[in-house]
1. So for the chain, taking the charge dipole from beta-carbon charges (+1 Lys/Arg, -1 Asp/Glu), which of ILE284, VAL245, THR179 sits furthest toward the positive end?
2. Would you list PHE24, PHE75 from fewest to most Cβ contacts within 10 Å?
3. Going by how many other beta carbons lie within 10 Å of each one, how would you line up ARG55, ARG270, fewest first?
4. Of VAL307, VAL265, VAL115, which is the most mobile in a GNM of the chain whose springs link Cα atoms less than 10 angstrom apart?
5. Before rounding to the nearest 500, sum -39500 (n - 2.57) across all DSSP H runs of length at least 4 in the chain and divide by the residue total; then give [θ] at 222 nm in deg cm²/dmol.
6. Mind checking the dipole of the chain: about its Cα centre, +1 per Lys or Arg Cβ, -1 per Asp or Glu Cβ, Debye to the nearest 20?
7. Rounded, prolate or oblate for the stretch 1-149? Axes are the square roots of the Cα gyration tensor eigenvalues, ordered a ≥ b ≥ c, and the cut-off for rounded is a/c under 1.5.
8. Could you check which residue among GLU273, GLU214, GLU33 shows the biggest mean-square fluctuation in a GNM of the chain with a 10 Å Cα cutoff?
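Nothing in this text is a laboratory measurement; each read-out follows from the coordinates by a stated rule. Predicted, not measured: the structure shown is a model, and the values here were computed from it. No Cβ is skipped: glycine too gets one built from the backbone with ideal geometry, and neighbour counts run over all protein chains shown.
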Amino acid sequence: MRAVIAALAANLAIAVAKFVAFLFTGSASMLAESVHSVADTGNELLLLIGRGRSRRARTLEHPYGYGRERYFYSFVVAVMLFTVGAVFSVYDGVHKIMSPEKVGSPLVAFAVLIVSMGLEGFSLRTAIKESNVSRGDLGWREFVHSTKSAELPVVLMEDTAALLGLLFAFCGVLLSVLTGDGAWDGVGSVAVGVLLAGAAFIVGYESKSLLIGESASSDTSAEIVSALESGPENFRVIHLRTVHVGPESLVVTAKIAVAPKMRAVDLAARIDEAEARIRAAVPIAETIYLEPDVYRPDREDGADPSVEVVRRSHGLRARLSRRSSSANPPSS
């Protein structure tokens, strides 16, 4: 949450500075940027609220907890970016293009925009630093698409859009001063609005996907399959289904092939051991359901294709074959 708190502090300071600059200059670009920063400040507050509410205990009505509240509030952030930021900026920019006005005290606007760039750069640097902890070798586009965190992609998109928006506003004010035509200030405001609309679409799209329910990553699925099949029980995964109910909460369901003559008491004990291995390998696997089925070699071709993809891509098939050659079909 350091990235969110840093963004909150930066945007609050920037919003106050931009409004003061707008009062001195009357610039449409400055007003658009002021509204942008107010919206961003509200967005960070919403992310903090969502994180707090997601930690509530499970209830009968919500047996898997409230982890998806974080995804819901990030979706609300996208709506705010579009309605409060984008629509207002475009509207005010078009108004200024149709009725241009001279920008007063441009030096004040330039000073505030430059200081704002520094503060937004600090916020973006913090977000990048926090993202690098979990990003690994992924590119930024792939990271934003695949991460299960609701906050980091929002802050990254907000800060990137904010820096570009400040550049657009700077150019709009500068062109207005150089040409004496206040319409350029309105063009800068429209550019900020279009930028915010694009950022809102990306945040909304990714949040929608998380709200609907995303499965665990390929690496996490491989760890689960390995944990199930690497034990002395000789379990074989037939089907695997996972879904995130929050960034730190995963539901795991699997159908596993077991020895046909295994006693119920032994099966229950071995399933408990397998669940313990899953939780050791994937600590966020809070809820695990394992459905045993009778082992039948003729069902190999009917196994879940997604499980086979995981095995091949992570080298689990060769390991399983070596184990199978030393231990024929599972026995009790």
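1. Projecting each Cα onto the dipole axis, the largest value belongs to ILE284.
2. Neighbour counts put them in this order, fewest first: PHE24, PHE75.
3. With the fewest neighbours first, ARG55, ARG270 line up as ARG55, ARG270.
4. VAL265
5. -22500 deg cm²/dmol
6. Working: 33 positive and 35 negative charges, 166 e Å.
For the chain, the charge dipole is close to 800 debye.
7. prolate
8. GLU273
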